[in-house]
Amino acid sequence: MKVAVRRRLQFVDLSGGVSWLLVLLLLHPKRLAHLPQWRDKSGLHSVNEQAPPHAKCKQSPDSAPAGACVGLFTYPVLQAADILLYGADVVPVGADQTAHIELARELVRSATTRWPALASILRIPTGLVLGAPKINSLRNPTKKMSKSDPSEGGCIYLTDSPDQIRLKVRRAQTDSQFGVSYNAEDRPGIANLLRILSALEVRFVGLELTVPVSNQVAEILYNG
């Protein structure tokens, strides 16, 4: 375990340099601008792909949200650098990250074409989407779970203690309707907990539950 930690810390210093080299392989910034995560967080959604360039976006860059910075724009390249440094063959991701994995694959192909000697070093990663391709915030179940979630208790961290996880899940937003039913639009909170429960138990979750869904999810996470 100590060796793995040292290796990880060493790669932190290399990520920035590798990221810069990968940026040089991008022929046009539009490749990053088209990634769905940037378009969602920046608010710069295209409203008419046939419109002239000045009319394509709802907002100008000057009016984009404060979080829509260059760091967010180029973050997928840094992600690719991290993947390549660890030599990952398979990368578990959520559904919203599959486009970033595809970018990493493209960058490997471009790198080995430009620098053939890297062909024996770099691996083309494959994304692995598991049983719950998207987990939403525990406090705002219409939004995805994210470490940048401003809602306290909305995200479960790898560093959370079992008791912290149990408390967060038990406080998850649900609704006042009677019974348990899966309806992502009308009951997003319950649907989110059912997706988590289904992924944890690796089987389809039936709707006959003897305890509240949040309690069942909390106990599985606590004991798992």
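The values are calculated or read from the model by the stated rules, or taken from the named source; none is laboratory data. All of these numbers come straight from a predicted model, not from anything done at the bench. Cβ placement follows ideal geometry from the backbone for every residue including glycine, while neighbour counts extend to all protein chains displayed.
What to note about this one:
- Qualifying positions in segment 133-163 - aliphatic (A, V, I, L, M) and either without any contact (Cβ under 8 Å) to a residue 12 or more places away in the chain or in contact with a Gly (Cβ under 8 Å, 6 or more places away or on another chain) (or both): ILE135, LEU138, MET145, LEU158
- Exclusive hit being at negative phi, at pLDDT below 75 and touching a Leu at 6+ places or on another chain (Cβ under 6 Å), set VAL180, VAL213: VAL213
- Per the listing ASP186, ASP163, the residue uniquely of a type in the set (Asp, Glu) and assigned to a helix (DSSP H, G or I) is ASP163.
- Residue match in segment 59-71 (condition: modelled with pLDDT under 90 and surrounded by 15 or more Cβ atoms within 10 Å (Cβ to Cβ)): yes
- Residue identified as within 25 Å of LEU84 (Cβ to Cβ) and surrounded by fewer than 13 Cβ atoms within 10 Å (Cβ to Cβ) among ARG114, ARG105: ARG114
- Subset of segment 75-97 [within 11 Å of the chain's Cα centre (by Cα), small (Gly, Ala, Ser) and not in a loop (DSSP other than H, G, I, E, B)]: ALA95
- For ILE196: the one exception among (1) modelled with pLDDT under 85; (2) in a helix (DSSP H, G or I): (1)
- Among the residues of segment 117-133, those that are closer than 25 Å to LEU197 by Cβ and surrounded by 14 or more Cβ atoms within 10 Å (Cβ to Cβ) comprise GLY127, VAL129, ALA132, PRO133.
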